[in-house]
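Please read the structure below before turning to the comments.
Read-outs: derived from the displayed coordinates by stated rules, not from any lab. Fair warning: this is a prediction, and the values are worked out from it, not measured in the lab. Every residue, glycine as well, gets a Cβ built from its backbone with ideal geometry; the counts of neighbours run over all protein chains shown.
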Amino acid sequence: MQENSKLSVLVIDPNPGLRGSLQNMLNQANITKIEFAVSSGTAIKQLAKKSYDIILCEYDLSGAEDGQDGQQLLEDLRHHRLIGMWTIFIMITSEAVYSKVVSAAELTPTDYILKPFTVDVLSQRIARAIERRTAFLPTYQLIGQGNMRAAIRSCVQSERTHPRYAGEFARLRAELHMSVGELAEAEAIYTSILEIKPVGWAMLGHARTLFMQERYEEAKETLTKIVVDNPRFMAAYDLLARTHETLGHPEAAKKVLEDAVAVSPHVIRRLRNLGAVALEAQDLGAAEKAYKQVVAKAKYSEFRDPEDHVNLTRTLVRKGDTAGAGGVIRDLEKSLRGNPNLDACKAVSNALLFEAAGNAEAAVNELNAAVGALKTSNGLSAGFKIGLAKSCLDHRLDDAASQVMLDALSDDNVTMAQAMNVFVKAGRPELADVMTTALKRHVAELLSVASEKSRMNDHRGAVQTLSDALHMAPGNMQVMIALASAILRQIDELGWDHPLGELCAKQIEDIRTLDPAHSQLGHLVDQFNAAKRKYGIAGGA
């Protein structure tokens, strides 16, 4: 009981009477470090500033301005990484709600407490949660260090030493295998679990491995069965829609997302996806409805994004509703003042409106303004940048389009092949060659910048710059050698780093594959093995 005095707790409940009751119970359990949030929005603000050992969250947050329930809040917190794996999240709910939610949630709380309950029940659940956290903490720490393979080994050992949590460790082990690209191993774990019992999360995990192995038809069949058997398993809808999209069936993807939104109408990410898919399927009515909901709901969200206004503007312009589009732009300026992405989004929206009015000169001016605003923006999506590049190409702003695509390539989700395809699809294949030349020049500049950072002993900066260069020029031998060398310098100066160690090993293997007789390969291998010996890391290159 004495140890409880060190625990910090965030109580999320809109009802002041229930907040008071929980405070009294926690005090009786010797927990006094208690703070409160009355809605998902206030909880997100508090969790962005500090962490807590335990979160006690009422499932029914009815009356909250954003319409979220406790499960949707949990998914937002996990998605945006506002709570760590070690944070204890306990959901407080009624028995009727529990029976609906527990089998359908991919991201589950640490525990559920069914109302009504006593202080003894609360104390027991907290003690049980702390016991579970203690069992998982060594594995979580390895994950935090980026040492995924050691974390996998820790899961295997913990399945034996903590049989009570064997299923949870197996699930975590499968997810870790997927994170390092070992899809067959993950699939085998999910299959072995499903042979015993058709567990929902294992079925979804199995479908995810099928998708990642590009076995899309098999994934579609599995996901369709999950949705039919359990219509509230929201994560299955999302992956099924993505599978349909990948197979080139936007209409089917739209139908799946519409079904999902009918069941769970308050998740902004899903509404955004529905809007994008509906736009691709040329269903402007559905796209408008989805994007209007996104803009309306996001007003009360900590995750507002001015790109939502751009998407709604684009939809309304395509429908011919220029008056409505103008209203959206005015709302964008008013409601997102101070956002670093406002200027770029406003300029693109204005360009769409001017283009619809046949004012090409004004549209060009706005597109140039948008390209300039990229320099001060922060976190604009790759999709936004690619859309801007396409608009620039439509107006023969070739240099601007190339500049924007170079910027888009800094996003890990955009490959060189995708960037080149933008120019080819626009009927400008000659610009792909110009882009290639510009890219080579940019990579050379990054190599020079990384060299200067290394000279100034900014080892982390050098590694990051070279990682960016490698993303832009995969397979570039000069970049791979420079990156491996920079990683080894950082490790030598700052200590072993597991993710960087794996990245270095990959560069060495890729160099060996491309040119096994390369003059610098042997030296890199010797340096890498020496670094592993220095820090007591098993194995060699």
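Here are some notes:
- Three-way shape call for region 449-534 based on the alpha-carbon gyration tensor, with the a/c threshold at 1.5: oblate
- Alpha-carbon centroids, region 502-541 and region 336-356: separation in whole Å: 48 Å
- Cα centroid separation - region 22-48 against region 191-235, whole Å: 36 Å
- Region 382-407 residues near the modelled E430 label - backbone nitrogen below 11 Å, point 7 Å along Cα→Cβ: none
- For the chain, with +1 on Lys and Arg beta carbons and -1 on Asp and Glu, the positive-most of F89, M148, Q124 along the dipole: Q124
- Rg/Rh for region 140-194 stands at 0.96; both radii use Cα atoms, and Rh follows the Kirkwood definition.
- Summarising the amide proton neighbourhood of S8: residues at separation of 5 or more, or on other chains, whose placed amide H is nearer than 5 Å comprise D53, I54.
- Among the chymotrypsin sites (Phe, Trp or Tyr not before Pro) in region 282-330, those placed in a DSSP loop whose Cβ has at most 16 other Cβ atoms within 10 Å are Y300, F303.
- When I12, I83, I143 are arranged by Cβ crowding within 10 Å, least crowded first, meaning fewest neighbours, the order is I83, I143, I12.
- For the chain, alpha-carbon Rg over 2.2 N^0.38 Å: 1.08
- Per the Debye calculation on region 2-144 with a single equal scatterer at every Cα and no solvent contribution, log₁₀ I(q)/I(0) for q = 0.09, 0.11, 0.17 Å⁻¹ amounts to -0.25, -0.37, -0.96.
- Computed E for R78/E214 - FRET, C-beta separation, R0 25 angstrom, nearest 0.05: 0.40
- A dipole drawn for the chain from +1 and -1 charges on Cβ atoms has a positive end, and of Q68, Q418, L521 the residue lying farthest that way is Q68.
- Test item: Cα-centred dipole of the chain, Lys/Arg +1 and Asp/Glu -1 on Cβ, debye: 960 debye
- Considering only T436, A253, V295, and ranking their Cα positions along the charge dipole of the chain that arises from unit charges at the beta-carbon of Lys, Arg, Asp and Glu, the one farthest toward the positive end is V295.
- In Hz, Karplus ³J(HN,Hα) per residue of region 370-375 (6.51, -1.76, 1.60; θ = phi - 60°; x = Gly, Pro): 5, 4, x, 6, 4, 5
- Computed 3J(HN,Hα) for region 320-335, one whole-Hz value per residue from the Karplus formula 6.51 cos²θ - 1.76 cosθ + 1.60 where θ = phi - 60°, is x, 8, 5, 5, x, 4, x, x, 5, 5, 5, 5, 4, 4, 6, 8, glycine and proline marked x.
- Computed 3J(HN,Hα) for region 303-316, one whole-Hz value per residue from the Karplus formula 6.51 cos²θ - 1.76 cosθ + 1.60 where θ = phi - 60°, is 10, 5, 9, x, 5, 4, 5, 4, 5, 5, 4, 4, 5, 5, glycine and proline marked x.
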